[in-house]
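J.: Sharing a structure here in structure tokens format.
Read-outs: derived from the displayed coordinates by stated rules, not from any lab. Since the model is a prediction, treat every value here as computed from it, not as a measurement. Methodologically, a virtual Cβ is constructed for each residue, glycine included, from the backbone with ideal geometry; neighbour enumeration extends over all protein chains shown.
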Amino acid sequence: MTIGILALQGAVQDHEKVFRRLGVETRQVRLPADLEGLSGLILPGGESTVMAMYLREYRLDEAIRARAAEGLPIFGFCAGAILLCSEVEGPGGQTPGALDLIEARATRNAYGRQNASFEEELDSDLGPFPGIFIRAPRLEPLAATKIVARRKPEKGGEAVFIRQGRVFAASFHPELSGDDRIHRMFVETCSA
């Protein structure tokens, strides 16, 4: 099994470390040919507008959509989640998502800028989970999107981890938490 990690910009090495701990091989993805033979694909955190620009420039957007249509599991974290959503809300208004693979609205920097980053325990299908939020988007499910984790009710209860079929999106950064359960769940999905 080989999990690809989009390596155009963003937190690639942190995800590689988690998969190494799990004994899973990774490959950095920069071009459409890098998608060949993958069991799954990670879209890491970073700067979503820059990542979207490179996706178009290298025609990775088309290649990723084609692989998703074939059933390739894809997981976007923070900026990667923004890329996956069908709608994106930001300073310039609402725009379509770069990949449009999950029916949800992402609101950029919904929890504040870099200096407003925070950690909190989340309620998830995997049990309590540590959430690390850095310039995180708010994720609003729009259709048949399953909520896997949310903030605690006293914190607003918003969805922060959603799933539609084999496409996953999370607002937070589990790769920084030391808790590998979310990556392990993704590996199990890729194995199925």
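J.: So for the range 2-191, averaging the separation of alpha carbon pairs under 8 Å that are six or more residues apart and normalising by length, what relative contact order in percent results?
T.: 18 percent
J.: Averaging over every viewing direction, what projected area does the convex hull of the Cα atoms of the range 27-105 cover, in nm²?
T.: The orientation-averaged projected area of the Cα hull of the range 27-105 comes to 4.9 nm².
J.: What's the magnitude of the charge dipole for the chain around its Cα centre, counting Lys and Arg as +1 and Asp and Glu as -1 at the beta-carbon? Answer in Debye, nearest 20.
T.: Dipole about the Cα centre, nearest 20: 60 debye.
J.: How large is ³J(HN,Hα), in whole Hz, for each residue of the range 114-127 in order, when computed from phi with the Karplus curve 6.51 cos²θ - 1.76 cosθ + 1.60 and θ = phi - 60°, using x for Gly and Pro?
T.: Couplings: 3, 6, 9, 4, 7, 10, 7, 7, 10, 8, 9, 5, 8, x Hz.
J.: Starting from the eigenvalues of the Cα gyration tensor, five times each then square-rooted, give me the equivalent ellipsoid semi-axes of the range 83-192, largest first, whole Å.
T.: One finds semi-axes of 21, 19, 12 Å for the range 83-192.
J.: Another one. Name the residue, out of Q164, Q28, Q114, whose mean-square fluctuation peaks in a Gaussian network model built on the chain with Cα pairs under 10 Å.
T.: Fluctuation is largest for Q114.
J.: Now a separate question. For a quick check of your reading of the filter: which GluC sites (Glu not before Pro) in the range 39-81 sit in a DSSP loop and have no more than 10 other Cβ atoms within 10 Å?
T.: E70
J.: Next question, about the same structure. With charges only on Cβ, +1 for K and R and -1 for D and E, what is the dipole size of the range 1-107 about its Cα centre, in debye, rounded to 20?
T.: Using Cβ point charges on Lys, Arg, Asp and Glu, the range 1-107 gives about 280 debye.
J.: May I have the pair-distance distribution P(r) for the range 2-191, computed from all Cα-Cα distances with 5 Å bins from 0 and rounded to whole percent?
T.: With 5 Å bins starting at 0, P(r) equals 1, 8, 19, 23, 23, 16, 8, 2, 0, 0.
J.: Kirkwood-based Rg over Rh for the range 83-134 (C-alpha set), two decimals?
T.: Looking at the range 83-134, the ratio lands at 1.06.
J.: What is the sum of charges, Lys and Arg at +1 and Asp and Glu at -1, for the other residues whose Cβ falls under 13 Å from the Cβ of I74?
T.: Once positives and negatives cancel, what remains is +1.
J.: Next question. Please give me the summed charge of the neighbours of C85: other residues whose Cβ is under 12 Å from its Cβ, Lys and Arg +1, Asp and Glu -1.
T.: Here the count lands on -2.
J.: Add -39500 (n - 2.57) for each DSSP H run of 4 or more in the chain, then divide by its residues: what number comes out at 222 nm, to the nearest 500 deg cm²/dmol?
T.: The per-residue figure over the chain is -7000 deg cm²/dmol.
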